[in-house]
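Worksheet for the structure shown next.
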Amino acid sequence: SCASYGSLMWESLAGGGVHSSPVVSSDGATVFVGSQSPDNKLYAVNTADATKKWEFLTGDGVQSSPAVSSDGATVFVGSRDKKLYAINVADGSKKWEFRTAWYTRGGLVLSSPALSSDGATVFVGCFDDKLYAVNTADGTKKWEFLTGGDVCSSPALSSDGASVVVGRDDNTLY
């Protein structure tokens, strides 16, 4: 007997490789996904028919997977351009950007952002050896934690929201 497989509902093409994991909005109407160079964009795609709602251009590839705020109004994503972005879900406009390290390789944001349960803080790791806590309202830094090595992994929060856990590229978990 033949196995039954799912069928393709739609496909949408990006202008660069897709290393970012897609994220679906809480209402299921939109999928957000990033693309690599030379495209360097975050896309919002209509899940019903694969039409593009909007695209947001960053300064380099988007390998980070997006995170959507609990109210569905903001999507957060990191880029290889050394920035974390907050983007308006309704129209793709930039709310703010947070710049990490200034030096060449150090500031890449490959880590996927994680949001606090109250939605007030977004956490993201960076190639400048730091874990950042950023205010979701205005993109200001709340604090940073120096790990001593590149942070590629995505942070996770404890169930009570009191701790954030992140791994580093030298087999260390903080």
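Go through region 134-159 and give me each residue that's assigned to a loop (DSSP other than H, G, I, E, B) and β-branched (V, I, T).
T136, T140, T147, V151
Taking region 90-111 only, how many residues are in a loop (DSSP other than H, G, I, E, B), at pLDDT 90 or above and either in contact with a Phe, Trp or Tyr (Cβ under 6 Å, 6 or more places away or on another chain) or open to solvent by less than 30 Å² (accessible area, probe 1.4 Å) (or both)?
Count: 1.
Do we have S79 as buried (at least 23 other Cβ atoms within 10 Å of the Cβ) and of a type in the set (G, A, S) here?
yes
Could you tell me which of the residues V165, V134, V124, V151 is open to solvent by 50 Å² or more (accessible area, probe 1.4 Å) and in contact with a Leu (Cβ under 9 Å, 6 or more places away or on another chain)?
Selected residue: V165, the only one of V165, V134, V124, V151 that is open to solvent by 50 Å² or more (accessible area, probe 1.4 Å) and in contact with a Leu (Cβ under 9 Å, 6 or more places away or on another chain).
Based on what the data block shows, is S158 of a type in the set (S, T, N, Q), free of Cβ contacts under 8 Å to residues at least 12 places away in the same chain, open to solvent by 10 Å² or more (accessible area, probe 1.4 Å) and touching a strand residue (DSSP E or B) at 6+ places or on another chain (Cβ under 8 Å)?
Judged against the criteria, S158 is a match.
Tally the residues that are at negative phi and open to solvent by less than 40 Å² (accessible area, probe 1.4 Å), restricting the search to region 47-72.
12
From (1) part of a loop (DSSP other than H, G, I, E, B); (2) in contact (Cβ under 8 Å) with a residue 24 or more places away in the chain; (3) among the hydrophobic types (A, V, I, L, M, F, W, C), pick out the condition that doesn't hold for L131.
So L131 meets the others, but not (1).
Of all residues in region 134-150, which are without any contact (Cβ under 8 Å) to a residue 24 or more places away in the chain and of a type in the set (A, V, I, L, M)?
Matches in region 134-150: A137, L146.
Under 6 Å between Cβ atoms, which residue pairs at least 6 apart in sequence (or on different chains) link something in region 88-115 that is over 19 Å from S35 (Cα atoms) with a partner that is at pLDDT 95 or above and polar (S, T, N, Q)?
Correct list of pairs: K95/N88.
Give K41, K94, K52, K83 a once-over and let me know the one that is over 12 Å from V122 (Cβ atoms) and over 15 Å from the mean Cα position of the chain (by Cα).
Among K41, K94, K52, K83, only K52 is over 12 Å from V122 (Cβ atoms) and over 15 Å from the mean Cα position of the chain (by Cα).
The values are calculated or read from the model by the stated rules, or taken from the named source; none is laboratory data. Here the structure is a predicted model, which means the values were calculated and not measured. Positions of Cβ are generated from backbone atoms using ideal geometry, with glycine treated the same way; all protein chains shown enter the neighbour counts. These area figures cover heavy atoms from the full protein model, side chains too; ligands, DNA and RNA do not enter into them. Shrake-Rupley method; radii C 1.70, N 1.55, O 1.52, S 1.80 Å.
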